[in-house]
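To start, the structure itself, in structure tokens.
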Amino acid sequence: MPSEGFLPPSLGRKRNMCGIVGYIGNHDAKEILLKGLEKLEYRGYDSAGLALISEAGVHVFKEKGRIADLRKAVDGNVFAPIGIGHTRWATHGVPSKVNSHPHQSATGRFTLVHNGVIENYELLKRKYLADVTFNSETDTEVIVQLVEKFVGEGLEVLEAFRKTLSLLHGSYALALLDAEENETIYVAKNKSPLLVGLGSGCNVVASDALAMLQVTDQFVELMDKEVVIVTKSGVIIQNLDGEVISRVPYTAELDASDIEKGTYPHYMLKEIDEQPAVMRKIIQTYQNDQGKLTIDQDIIEAMKEADRVYIIAAGTSSHAGLVGKQFIEKMAKIPVEVHISSEFGYNMPLLSERPFFIFISQSGETADSRSVLVKVKEMGCPSLTITNVPGSTLSREADYTLLLQAGPEIAVASTKAYTAQIAVLAILAEVTARRKGIDIGFDLIHELGLVANAMDVLCDSKELIEVIAREFLAVTRNCFFIGRGLDYYVCLEGALKLKEISYIQAEGFAGGELKHGTIALIEEGTPIIALATQENVNLSLRGNVKEVVARGANPCIISMKGLNMDEDSFVIPEVHELLTPLISVVPLQLLSYYAALHRNCDVDKPRNLAKSVTVE
Ligand code: AGP
């Protein structure tokens, strides 16, 4: 019989997404919790639930689907000053009402929400809970049943909770209610994000401060293996041995309006439009009093010492990394490798003698990237995280952090974080180059300013892009993006954007590569989106377009002013050749957006996805 520490390989190091909230105070919890869950819906949106304790007892509401569905299911007549809630991205068990959280113990006394994965749940079930009938297929139910079992054996609730936690292997952010004592939320965390918020006459719990900005901007960060007793008048943090830990709260520097859609129909459109302002904020943030770009000296020294930079990232962030590779190689003259994190962790290349690792992650929580960071730290290599989320796991665990300054990105499809990542990478490359005495030959601050202006122009071109989206993408089943050099990297991003929100089968290819096989897929009318912003390959790219047109493809050429030709569908303003990805991506983002709209897709919450991918 394996011990409780035994992990089946398939379950090792998994974490799930999901979002949790909790409220205890004098007001009615249900609306606060529902609003909080709406803000956390980016973390998972296949089912959701609430548990409230009123004078009449515990009320549990669950629904498959969105928070809007849960809202309809909640009984508006229940007044409860304490409650917990959950939005789920399914891992153990299909999305269903019965598998959705909260889960309850056999007698109904304890009610729990969980974000994470309990790797040894089957073992715990067999060892401690063989006589308990389980309702769901989830790993979570084991936790709540164990608490009840240990309380039944005579332990106080807190002791039973701690004993349960000591048996768990895996990740968890937990909030537990006891129906017999409606003045406490028991909270614990290990590897899954969780914060406690300090309100006036109330306290709250949330996976992300965004959810509870409606109540407070004062939050306390929790560390792994901590237990917290949250009442309406106070918060006590303890370690697993029961020793009290004091921690100073921080002010969440988020503007509540940043997380509202305002007059926009979708967050994605709002976030696309925010890109010029984000560019300007980045220029401002990374500029010193002498008008020079500046980055923490320790980061630059570490970069300068490196004989090779390894960029580790997933999805859109890895596409930004590909562009960053060009910057660092061309400006700072350091060789760069870009690896997708899910591969790097298990198939590590031969490393150079003095590697420097850069992790790029909008959320700072991506499990694939984090597992690489853990290994990189074990090897003693220096690491930098470029992220949008201060205090995120990847930020805390790397040696250094650079922030994107993009403001919260809510839509699942990343837009402004991608361009912010590219801009920060450009700045990092420029400052490193300058430290190495290399003249990059242009004024990056000035050029980024021009990029911001060009982005304004593109954001004002929505009507034309909508027409193009209707013509090329409204009814097609597939689409190819082609480009050469930097344009190729942007094509990868354009294709990912289109796939994830419009469900059109889309692929990005280097212009010269289609003819090596994929050209077989070109049929009469197949849309080809070609990017032409690189002067040295403009003519060869146009040759590639002719090859596919000869086979029936329907070409949509997006070129840069100065390189444009009569047949082009859309011309973007001219910017420095190295910085073209910052603007050529904007029409591609908008094309995806309008394609998704024309196809009646849920733009901000595409199927099967979640914003923070904390599953390996
Ligand atoms: C982007 O549109 C995607 N939703 C996805 O590829 C994302 O970029 C990827 O999961 C990495 O996330 P991160 O930047 O938060 O690490």
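The values are calculated or read from the model by the stated rules, or taken from the named source; none is laboratory data. Everything numeric here is computed off the predicted structure, so don't read it as measured data. Reconstructed Cβ throughout: ideal geometry from the backbone, glycine too, with neighbour counts over all protein chains shown. In case anyone asks, the SASA skips ligands and DNA or RNA and just uses the protein heavy atoms, side chains included. Shrake-Rupley method; radii C 1.70, N 1.55, O 1.52, S 1.80 Å.
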Taking protein heavy atoms only, a 1.4 Å probe, and rounding to whole percent, the accessible area of segment 461-616 owed to carbon and sulfur comes out at 49
Based on the Cβ-Cβ distance of Asp602 and Glu181, what FRET efficiency does E = 1/(1 + (r/R0)^6) give at R0 = 51 Å, to the nearest 0.05?
0.80
With a Förster radius of 45 Å, plug the Cβ-Cβ distance of Lys377 and Glu513 into 1/(1 + (r/R0)^6) and report the FRET value to the nearest 0.05.
0.75
Please give the per residue accessible area of segment 255-456, computed with a probe of 1.4 Å over protein heavy atoms only, in Å².
36
Give the percent of DSSP beta bridges with both residues in the chain that are antiparallel, rounded to the nearest 5.
60
How many percent of the accessible area of segment 255-456 is carbon or sulfur, using a 1.4 Å probe?
48
Taking only DSSP H segments of four or more residues, each worth -39500 (n - 2.57), what value at 222 nm results for the chain once the sum is divided by all its residues, to the nearest 500 deg cm²/dmol?
-10500 deg cm²/dmol
How big is segment 255-456 on each of its three principal axes, counting only the C-alpha atoms and giving the largest first in Å?
52, 38, 23
Take the Cα pairs of segment 257-308, get the Kirkwood Rh, then feed it into Stokes-Einstein at 20 °C and 1.002 mPa s and tell me D in µm²/s.
154
For segment 18-245, just the Cα atoms, rotate onto the principal axes and tell me the three extents in Å, largest first.
42, 39, 33
Tilt of helix 157-167 relative to the longest C-alpha principal axis of the chain, in degrees (0 to 90, nearest 10)?
50
Kindly count the pairs of lysines across segment 50-153 whose alpha carbons are less than 23 Å apart, treating pairs on different chains or eight or more residues apart as eligible.
8
Estimated translational D of the chain in µm²/s (Stokes, Kirkwood radius over Cα pairs; 20 °C; 1.002 mPa s):
84
Write down the radius of gyration of segment 456-564 and its Dmax, each obtained from C-alpha positions, in Å.
13.2, 39
Given points 7 Å out from each Cα along the Cα-Cβ axis, report the Lys225 to Met348 separation in nanometres with one decimal.
2.3
Using 1/(1 + (r/R0)^6) with R0 = 41 angstrom and r between the beta carbons of Glu329 and Arg470, what's the FRET efficiency to the nearest 0.05?
0.55
Output the 0 to 90 degree angle, nearest 10, between the alpha-carbon long axis of helix 444-459 and the longest principal axis computed from the alpha carbons of the chain.
80
So with the 1.4 Å probe, I'd like the accessible area per residue for segment 461-616, rounded to whole Å².
39
Given Cβ charges of +1 for Lys and Arg and -1 for Asp and Glu, the option among Pro335, Leu394, Pro408 whose Cα lies farthest towards the positive end of the dipole of segment 318-415 is Pro335
Solvent exposure of segment 82-231 as accessible area per residue, Å², 1.4 Å probe
31
Surrounding charge for Val78, neighbours by C-beta under 12 angstrom, Lys/Arg +1, Asp/Glu -1, total -3
Excluding same-chain residues fewer than 8 positions from Lys375, which aspartates and glutamates have a Cα within less than 12 Å of its Cα?
Glu397
